[in-house]
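Structure, as structure tokens:
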Amino acid sequence: MYPKTIEQISDQVITITWDDDSKQIFFADTTRKACPCATCKDEKDEAGNNKNPFKVLKMTPQNIYFTKWEMVGRYAIRFVFSDRHDSGIYTYDYLREIGEKAE
């Protein structure tokens, strides 16, 4: 799969139309929570829950938004979020897995 078009609808929403003409929606808060970088993965257990229940998270869904995105080679996208987090490389396969189907 390869993105045919990537459109930033707002600072909260990005849509990707894939080369098979399927379309997916990515919301900033859920995309940020699904960050695949080593630091974010290290903070979560295998079920996706925080390893340390006493840790206070800085982000909330109300204040996270996309500030920028860029293609990484021919296989991924890097998003920059309002909390300045930018180390996650979202492969196209991973994006297909976490995206929501557009109606």
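The values are calculated or read from the model by the stated rules, or taken from the named source; none is laboratory data. Note that the structure is predicted; figures quoted are calculated from it, not measured. Reconstructed Cβ throughout: ideal geometry from the backbone, glycine too, with neighbour counts over all protein chains shown.
Look through segment 1-33, keep the residues that are acidic (Asp, Glu) and farther than 18 Å from MET71 by Cβ, and return whichever of them is surrounded by the most Cβ atoms within 10 Å (Cβ to Cβ).
Residue satisfying both the conditions and the ranking: ASP29.
When you scan segment 80-103, how many residues do you find that are without any contact (Cβ under 8 Å) to a residue 60 or more places away in the chain and part of a strand (DSSP E or B)?
Counting residues in segment 80-103 that are without any contact (Cβ under 8 Å) to a residue 60 or more places away in the chain and part of a strand (DSSP E or B) gives 5.
Kindly provide the set of residues from segment 61-79 that are in a loop (DSSP other than H, G, I, E, B) and in contact with a strand residue (DSSP E or B) (Cβ under 8 Å, 6 or more places away or on another chain), ordered by number. Write out each step before concluding.
Step one: list which residues in segment 61-79 are in a loop (DSSP other than H, G, I, E, B), which gives 61-65, 73-75.
Scanning segment 61-79 gives ILE64, TYR65, TYR75.
For the subset of segment 45-103 comprising residues that are over 12 Å from the mean Cα position of the chain (by Cα), charged (D, E, K, R) and under 13 Å from LYS33 (Cα atoms), which member is modelled with the lowest pLDDT?
Across segment 45-103, the extreme among qualifying residues is LYS58.
How many of the residues making up segment 65-90 are surrounded by 15 or more Cβ atoms within 10 Å (Cβ to Cβ), of a type outside the set (Phe, Trp, Tyr) and under 18 Å from LYS41 (Cβ atoms)?
7
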